[in-house]
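Data first, discussion second: the structure below is written as structure tokens.
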Amino acid sequence: MQLKNTTDWSDWFLRRMLSWACKQAELPVRQLKKARFTKCTRSFRGRAWYSEILVRVGPEDQYPVKFVRHSNAGRVEHDIQDPVEGLIYVAVHECVHIWQGQKPKRWQEIERHADRIGMQGVLEFRANRDSLLTKWMETPTRAAATTSPKVSVVARRAANAKAKLKIWERKAKLSEKKVRYWRKKVQYYD
């Protein structure tokens with residue numbers, strides 16, 4: 001997945017968070033081809049199209065945010081406490097839109113469904129906030145490259161010479177067998 005990031009969060013944090021958000025939306029991560037994360041002046045915004053998402057999150061002073069959505073059960077109030085929750089909500093919400101676009105079913109309640117799953121993602125995040133943030137913020141460690149001892153040029157050339165000698169001795173043995181075979185054939189016809 002291509003990731004463009006102009007926020008204060010690290011790329012590896014966003015990749016791990018986005019992987020978790022895709023699981024919340026039941027979207028395979030490989031279906032998401034491009035994700036952009038930017039700052040904005042409001043609390044949060046997002047867009048989704050084809051296999052790309054845009055997530056925009058505002059500064060700390062824009063939180064907490066309360067907003068109302070209408071559902072079949074009536075008015076539902078949502079609250080987002082901080083920028084991390086805003087990031088989670090928009091990421092899950094937009095991943096749901098990517099998932100909806102890949103389904104043959106025509107969705108009647110596209111936004112309601114995405115809002116509901118987005119808030120479920122925020123509630124799941126709140127329940128496991130400390131462990132998720134710890135896991136997402138771990139600095140990635142690359143496996144230490146094993147360096148083999150440097151082999152001298154003379155040793156490499158000697159090993160190459162031994163390998164070539166073995167190949168040519170085998171070819172000589174095979175050619176001797178063929179020469180004997182064809183000599184017998186020629187003698188038969190003479």
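Values quoted throughout were computed directly from the atomic coordinates according to the rules given, and no laboratory measurement underlies them. It should be emphasised that the depicted structure is a prediction, and the values quoted were computed from it without experimental measurement. Here the Cβ positions follow ideal geometry from the backbone for every residue, glycine too, while neighbour counts run over all protein chains shown.
Values for this structure:
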quantity	calculated
Some residue of segment 118-138 being in contact with a strand residue (DSSP E or B) (Cβ under 9 Å, 6 or more places away or on another chain) and of a type outside the set (G, A, S)	yes
Strands (runs of 3 or more DSSP E) wholly inside segment 12-98 containing at least 1 residues that are basic (K, R) and within 24 Å of N128 (Cβ to Cβ)	65-71
Options V65, V55; residue that is crowded, with 16+ Cβ neighbours inside 10 Å, among the hydrophobic types (A, V, I, L, M, F, W, C) and more than 18 Å from the chain's Cα centre (by Cα)	V65
Enumerated helices (runs of 4 or more DSSP H) restricted to segment 100-190, each holding at least 2 residues that are within 30 Å of A25 (Cβ to Cβ)	110-127, 129-137
Those residues of segment 1-11 which are assigned to a loop (DSSP other than H, G, I, E, B) and of a type in the set (A, V, I, L, M), in sequence order	M1
Members of segment 1-49 found to be of a type in the set (D, E, K, R), surrounded by 14 or more Cβ atoms within 10 Å (Cβ to Cβ) and more than 15 Å from the chain's Cα centre (by Cα), listed by number	R45
Any hit, segment 183-190, residues being acidic (D, E), surrounded by 10 or more Cβ atoms within 10 Å (Cβ to Cβ) and farther than 30 Å from L18 by Cα	no
